[in-house]
Structure formats: C-alpha cells, structure tokens
Amino acid sequence: TFLQEDRSFSLSRLLARFRRQADASLDRSVGGGESALLKAMLLGQRWFIEPETEEDFGRTGLAHALSVSGLHVGYIIMLLNFLFSRLRLGRWTTLGLQTVILLLYALLVGAAPPVIRAVVMAIVYYTGKALGRKADTVNSAGLAALLILLIRPMDILEIGFQLSFLAVGSIALFYRPIREKLRFLPSGISSLLAVTVSAQLGTLPLTVYCFNTISPWSV
C-alpha cells in the first residue's frame, strides 16, 4: 500500500510551512547566533539558543526578551498600525484584517498565555476604536484571562500566565503616578521608564520567588 499526500487545506500545515520558510530565510539573511536569537524572539523557537546565551540574558534580567510575549505582539501591532495608517481602508475592513493577522501570529508562535493575553487586549482595543469607544486596560486583561482559562484552566499555574497578568495589572496601577514623578524628563523617555518600572514593581515578588534573582539594571 502507498500513502498519498493529503493536499486538502489545513491551517496547521500552512503555519508549519510558513515557519519553515521563515527559519530558512533567517538562516540565509542573518545566520549564526543572531539567527537563533531572532527565531526565539519572532517565532517562539527558543530551543535554538545556546545555554550560555540564555544564562547571560537571565543574569541581566532580560530573559523575557527571548520568549514571544506581549512585548513581541506589541512589535506586530506597531507594524500593523504603520501599514494600515497608509492603506486608508474602512474601519471595519481594517479591524477584520488586524484581527486575522494577530490570531494567525498567535497560532504561529504557539499561543502561549502572554501572547493570547496581548492579542485579546489588542483586538478589544481595535474593536473599541472601530466603535469610537476607549478600551479599559483592566477589563481587557480580565477578558483575556477569562478566555484563556475557559479553554486551558491549568494555565493559571504557569509562570508565564502569572507574570503576564501581574505586569499588566501593575502597569495599570503604577504607570500614571510614576510618570508624574518623572515629569522632568522628556515625554517619550518618561513614558518608557514608567512602563518598565511599573511592570517590574508588580512582577518582582514572583520573579524573586521563582528565579531567586534580582536584576535592577534590567530597567
């Protein structure tokens, strides 16, 4: 008996093919350790990184940069905002395309809790924008947590889930007060510092408990 190749459409096969092509493209255009870093940051393929490199990132408090998370979804959102601001499509067409692209990216990189959280919050934000309403950060994060736990209840025990939602909650709580304290700095710098410090304040207790380390210079 001969096995025939299944040529019917499959989203998982399509994503796997795109992932292989992205791998090959990064190897051709970048190569080496830098290619491994980009595969981890863009595609969630952290297993390509050398253990020594992971340790270096961990010691400087930047290990989160190696895992696809809300930070990396933010890069995708910035790119989408740039592209769609120039295409001048209708607001509902734009919302539909943004939603599809973000969901496909979440599936492409493995749909980890931090990614799903960021994607759901982004879709809520874009939907509110299309309706002429402002999205609430805490409510959006709550909706994301509810959706994740309805599908995968045990994710609540994962460190990635806990850190992701702690970071969002602490940004919502501390961002404005910290930015007020940094008013003497240029607006862009004070905003970035306020976000970073807020996230670190909220996640610090859990980080110390789980990883037994503090990296104050990671700001």
Worksheet item: Considering only residues of the range 38-70 that are more than 20 Å from Phe161 (Cβ to Cβ) and among the β-branched types (Val, Ile, Thr), which is modelled with the lowest pLDDT?
Response: Thr60
Practice prompt. Would you please list the contacts, defined by Cβ atoms under 8 Å and residues six or more apart or on different chains, that run from a residue in the range 15-43 that is under 21 Å from Val100 (Cα atoms) to a residue that is open to solvent by 50 Å² or more (accessible area, probe 1.4 Å)?
Written response: Leu15/Leu104; Leu15/Leu107; Ala22/Leu42; Leu43/Arg19
Worksheet item: Exactly one of (1) at positive phi; (2) surrounded by 17 or more Cβ atoms within 10 Å (Cβ to Cβ) is unmet by Pro113. Its number?
Response: (1)
Item to complete: Quickly run through the range 143-171 and pick out the residues that are closer than 15 Å to Gly70 by Cα and surrounded by fewer than 18 Cβ atoms within 10 Å (Cβ to Cβ).
Response: Ile159, Gly160, Gln162
Fill in: Meets criteria (open to solvent by 40 Å² or more (accessible area, probe 1.4 Å), under 25 Å from Ala65 (Cβ atoms) and assigned to a helix (DSSP H, G or I)) for Phe174
yes
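The values are calculated or read from the model by the stated rules, or taken from the named source; none is laboratory data. Because the structure is predicted, anything quoted here is derived from the model rather than measured. Using ideal geometry, Cβ is built from the backbone for each residue, glycine included, and neighbour counts are taken over all protein chains shown. Protein only, heavy atoms only, side chains kept; ligands, DNA and RNA dropped before computing areas. Shrake-Rupley method; radii C 1.70, N 1.55, O 1.52, S 1.80 Å.
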